[in-house]
Amino acid sequence: MESISVFDIIKIGIGPSSSHTMGPWNAAKMFLDLVKRNHSLQDVKEVFVEFFGSLAKTGVGHGTDIAGMLGLSGENFRTIDTNKIDEKIEKIKSEQKIHLGGEVWLPFIYGHHLILNKEKSLDFHPNGMIFKIVFENGEEFSQDYYSVGGGFVATKEDNSMEDRCVRTLYPCHHGSDILKYCEKLNIDKISDLVFLNEESWRTHEETREKALEIWDNIKDCVYKSINKKGILPGGLNVTRRASEMNEKLLGTQIYKNKNEWFEMVKNEQKTFSSVTKWVSCFALAVNEENASFGRIITAPTNGASGVIPAVLMYAQTFTEFNSEEDIIRFLLVAGEIGTLFKKNATISAAMGGCQAEVGVSSAMAAAGLTEISGGTPGQVLMAAEIAMEHHLGLTCDPIGGLVQIPCIERNSMGAMKAITAASLALDGDPTKAKVSLDSVIKSMWETALDMNSKYKETSEGGLAVAVNVAEC
């Protein structure tokens, strides 16, 4: 089994969906790179992309079509000005042309060159897509891709993470591996083990810098969102709430920048009511930004991108575990737990429902919080198990195919469950636990396989059909 860096699980992304936006965007780039290995884009006459299954059924609400067009245009979701996305898409649609790879202009008619096939699913994975190139000489070339969650992309021929996958010095593919190596190396912090394994990708100092970069982006995202009011895009007329919550909690206090705001929050009352409201505010802020095509931290997916930021913000503002070192160790452990779910189950809602997104992120956050709170390796895994155990069977049934209802609120619930799970684990004895993390991951995967497809990000069941969208 191939090893996965924690920064392939926790990374800078763009809303509203890692599987339905970032995945297709990455696939478009992979396809263009594949074509350019043996051909020139100047020889291309037409380009086509067809999305199937869940990508088609909730594609418009998740921005799958937008991601496909921008990916084919050579745009990078890590650097694109998110304020200009609507403008760029409108230009493609109105002019009926696409700047393929940023190199050559081609005719591009939405509905002809880009198709959302809601009637068919590809066999390999519910999130399937096919890109096709037609050359000037009439020859054709096509490739199928599958968005398998968290922005990861696979093909039938290669279900790996390409060149990024390596074998680490102490491979940890299961929770039992983590405990084994901690004992063997006489390590009492899981983060120390993660530091050692991350050296397969980067130096110790680079790992620290990467984690702090993630933290800076988390703060930027939350601050940007709590200063925004209005209605989220997509037609559900969902009102942003984080800004109003922030105003109510801070009262008449005035801040001029991110740092002043952060210090004000740290000095707020630490009552149970106040703290829980702030945790919800943090989570809502991130997911409201995600829902509006904003730049967020994918952890491990976009639909669950508010959980880890909310719990880490909680630790930094309302606990004593708020050092720079705590930030780094929190993220390393959270990311490591995410790799276990990625390798042994799924982080794709189209495969496993929302347990694969909010459930996994809650387990990751619980582990990270337990780590910096002084938990033993056994307690860290225990916290992750508790958090996931109480998300088992959670469905993914987004109303209107949008990552808004119930997704946004679910992140605040996942964050609170993570904090509770950490608290229980820190007072618990892992040797007396009846359920291991490995067992709950196995159970989650079995639940995913048994779950009806209409509850797997298709908007064909649950709230998605119980609520009249026209009245929202």
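Things worth noting here:
- Criterion: crowded, with 18+ Cβ neighbours inside 10 Å, at pLDDT below 95 and touching an Asp or Glu at 6+ places or on another chain (Cβ under 8 Å) - qualifying residue of Gly462, Gly400: Gly462
- Candidates Lys434, Lys456, Lys442, filtered to the one that is buried (at least 20 other Cβ atoms within 10 Å of the Cβ) and of a type in the set (Lys, Arg): Lys456
Per-residue answers, yes or no, for (1) touching a helix residue (DSSP H, G or I) at 6+ places or on another chain (Cβ under 8 Å); (2) within 19 Å of Glu336 (Cβ to Cβ); (3) of a type outside the set (S, T, N, Q); (4) touching a residue at least 40 places away in the same chain (Cβ under 8 Å):
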| site | (1), (2), (3), (4) |
| --- | --- |
| Pro377 | yes, yes, yes, yes |
| Ala387 | yes, yes, yes, no |
| His390 | yes, no, yes, no |
| Asp397 | yes, no, yes, yes |
| Met416 | yes, no, yes, yes |
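- Residue among Glu198, Glu209 that is more than 30 Å from Ile399 (Cβ to Cβ), surrounded by 15 or more Cβ atoms within 10 Å (Cβ to Cβ) and among the charged types (D, E, K, R): Glu198
- Unique residue being within 17 Å of Ile9 (Cβ to Cβ) and over 16 Å from the mean Cα position of the chain (by Cα) when the list is Ala367, Ala349, Ala363: Ala367
- Every residue from the stretch 290-308 that is in a helix (DSSP H, G or I) and over 19 Å from Gly400 (Cβ atoms): Val307, Ile308
- In this structure, Ile226 does satisfy being under 22 Å from the mean Cα position of the chain (by Cα) and under 25 Å from Ser17 (Cβ atoms).
- A single member of Lys219, Lys184, Lys189 is in the same structural domain as Lys343 (by TED's automatic domain parsing), among the basic types (Lys, Arg) and either touching a Phe, Trp or Tyr at 6+ places or on another chain (Cβ under 6 Å) or surrounded by fewer than 17 Cβ atoms within 10 Å (Cβ to Cβ) (or both), and it is Lys184.
- Residue list for the stretch 222-241, filter: in a loop (DSSP other than H, G, I, E, B), surrounded by 14 or more Cβ atoms within 10 Å (Cβ to Cβ), modelled with pLDDT of 95 or more and out of contact with any Leu (no Cβ under 6 Å at 6 or more places or on another chain): Asn227, Lys228, Leu232, Arg240
- Strands (runs of 3 or more DSSP E) enclosed by the stretch 79-166 - at least 1 residues per element that are of a type in the set (D, E, K, R) and over 24 Å from the mean Cα position of the chain (by Cα): 97-100, 128-135, 140-149
- Of residues in the stretch 414-459 being part of a loop (DSSP other than H, G, I, E, B) and within 22 Å of the chain's Cα centre (by Cα), the one farthest from Ala356 (Cα to Cα): Ser459
- Of all residues in the stretch 260-267, at least one satisfies being aromatic (Phe, Trp, Tyr), touching a helix residue (DSSP H, G or I) at 6+ places or on another chain (Cβ under 8 Å) and either assigned by TED's automatic domain parsing to the domain that holds Thr298 or in a loop (DSSP other than H, G, I, E, B) (or both).
- Residues of the stretch 120-152 satisfying the condition of being more than 28 Å from Cys354 (Cα to Cα) and acidic (Asp, Glu): Glu136, Glu139, Glu140
- Among residues of the stretch 355-379, those that are in contact with an Asp or Glu (Cβ under 8 Å, 6 or more places away or on another chain) and closer than 21 Å to Val153 by Cβ, counted: 0
- A single member of Phe77, Phe124, Phe135 is more than 30 Å from Trp201 (Cβ to Cβ), touching a strand residue (DSSP E or B) at 6+ places or on another chain (Cβ under 9 Å) and among the aromatic types (Phe, Trp, Tyr), and it is Phe135.
- Per-region count, the stretch 37-54, residues at pLDDT 95 or above, in a helix (DSSP H, G or I) and over 17 Å from Lys97 (Cα atoms): 0
- Inspection of the stretch 200-210 identifies at least one residue that is in a loop (DSSP other than H, G, I, E, B) and over 24 Å from the mean Cα position of the chain (by Cα).
- Condition met for Ala299 (more than 24 Å from Gly59 (Cβ to Cβ) and touching a residue at least 40 places away in the same chain (Cβ under 8 Å)): no
- Taking every residue in the stretch 451-472 that is over 24 Å from Ser19 (Cα atoms) and pairing it with any residue that is part of a loop (DSSP other than H, G, I, E, B) and at pLDDT 90 or above, at least 6 positions away or on another chain, the pairs with Cβ-Cβ distances below 7 Å are Cys472/Leu236; Cys472/Asn237.
- Qualifying residue in the stretch 96-110 (condition: at pLDDT below 95 and surrounded by fewer than 22 Cβ atoms within 10 Å (Cβ to Cβ)): no
- Close Cβ contacts (under 8 Å, 6 or more residues apart or on different chains) running from residues in the stretch 341-354 that are buried (at least 24 other Cβ atoms within 10 Å of the Cβ) to residues that are part of a helix (DSSP H, G or I) and of a type in the set (Lys, Arg) comprise Ala345/Lys442; Cys354/Arg410.
The values are calculated or read from the model by the stated rules, or taken from the named source; none is laboratory data. Computed from a predicted structure; not experimentally measured. For neighbour counting, all protein chains shown are included, and Cβ atoms are generated from backbone atoms with ideal geometry for every residue, glycine included.
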